[in-house]
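Okay, so here's the structure we're looking at.
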Amino acid sequence: MELSLSDGLFRKFSDMVYEHCGINLHDGKKALLQARLNKRLRVTKVTSYEDYYRYLTNPHNDGELTHFLDCISTNLTYFFRESQHFDFLKQKLLPELIELKRKSRTNRIRIWSAGCSTGEEPYSLAMYFASQIEDLPKWDLRILATDISTRVLAVASKGIYSRSKIAGIPESMRRSYFQPCCRDKDCSDFQIVSPIRNLTTFRRLNLKDPYPFKGPFDFIFCRNVMIYFDKQTQEALIQRMASYLDTGGYLFVGHAESLTGLNHPLSYVRPAVYRK
């Protein structure tokens, strides 16, 4: 028999998700929530939504809460997504940053990819900077990549992607930064080479929790993350992230997102790009 999720129980689940990670599951997300719940019911062998809610709210089942939030978060990404940002980095921001760092006699560059999913964004950034900075070994470049989902972080940390996943990457980068996972000429999986993987550190982070790092960051990429939050949570997140940006640092959001109407200390630069 097909299970039915009552409106009252839907609100309980959505309130729980909002409380723990700020994701706003409005009424239009009821079918999505029910589909994700069905997955967890199959895994846990719990037979009803009511029983699963009780199971989830039991303080002894923190591990299942992590799995549940993993299941709720949607992870759609691909290499060099929203290429306009990379064009802007190449044309303006990176040359300016390199010149500024050299004048101030520092080689430190820090980047944060918030909501990194399966790693395509931070690895795109790592490949991009490696290709653009000729004397890269002289630079202290580190990319922090965080996500709430342990499932996607496990994929990201391995850096292994299918042939179809890397098809859109420029051929020169594919040759330089990927190696086949087998000796077969028709090998279907490829791994990011270790020098690129070593630039990136993956960590689990709930954006509502205390941040276990100090910054400051030269660039923060928080793209297509705010769309899951309500205005109050968006505003709190942007204000908090701004405090981790270096003076003159840049925040990148998704092109479907905007900070219009939010109270924050950043200046608008161009669509989806803001500066402290």
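The values are calculated or read from the model by the stated rules, or taken from the named source; none is laboratory data. A quick note: this is a predicted structure, and the numbers were derived from the prediction, not measured. Positions of Cβ are backbone-derived with ideal geometry, glycine not excepted, and every protein chain shown enters the neighbour counts.
Per-structure values
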read-out: Failed criterion for Gly115 (all others in (1) of a type outside the set (Lys, Arg); (2) free of Cβ contacts under 8 Å to residues at least 12 places away in the same chain; (3) assigned by TED's automatic domain parsing to the domain that holds Gly249 hold); value: (2)
read-out: Enumeration of residues in the stretch 190-245 that are β-branched (Val, Ile, Thr), in contact with a Phe, Trp or Tyr (Cβ under 6 Å, 6 or more places away or on another chain) and under 18 Å from Val155 (Cβ atoms); value: Ile192, Val193, Ile196
read-out: Complete set of residues in the stretch 119-133 that are assigned to a loop (DSSP other than H, G, I, E, B) and either more than 27 Å from Asn206 (Cα to Cα) or at pLDDT below 95 (or both); value: Ile133
read-out: Count - residues of the stretch 151-169 that are more than 18 Å from Thr200 (Cα to Cα), free of Cβ contacts under 8 Å to residues at least 60 places away in the same chain and either out of contact with any helix residue (DSSP H, G or I) (no Cβ under 9 Å at 6 or more places or on another chain) or of a type in the set (Phe, Trp, Tyr) (or both); value: 3
read-out: Unique match (being of a type outside the set (S, T, N, Q), modelled with pLDDT under 95 and under 28 Å from Ser73 (Cα atoms)) among Lys185, Lys231; value: Lys231
read-out: Qualifying helices (runs of 4 or more DSSP H) (wholly inside the stretch 22-114; at least 1 residues being modelled with pLDDT under 85 and under 25 Å from the mean Cα position of the chain (by Cα)); value: 30-44, 62-72
read-out: Residue check for Thr66: without any contact (Cβ under 8 Å) to a residue 40 or more places away in the chain and surrounded by fewer than 22 Cβ atoms within 10 Å (Cβ to Cβ); value: no
read-out: Filtered residues of the stretch 180-199 (kept if surrounded by 13 or more Cβ atoms within 10 Å (Cβ to Cβ) and not in a helix (DSSP H, G or I)); value: Pro180, Cys181, Asp189, Phe190, Gln191, Ile192, Val193, Leu199
read-out: Close pairs from the stretch 126-142: first hydroxyl-bearing (Ser, Thr, Tyr), partner part of a helix (DSSP H, G or I), Cβ under 6 Å, at least 6 apart; value: Tyr128/Phe86
read-out: Among (1) assigned by TED's automatic domain parsing to the domain that holds Leu205; (2) closer than 29 Å to Ile227 by Cβ - the single one Ile166 does not satisfy; value: (1)
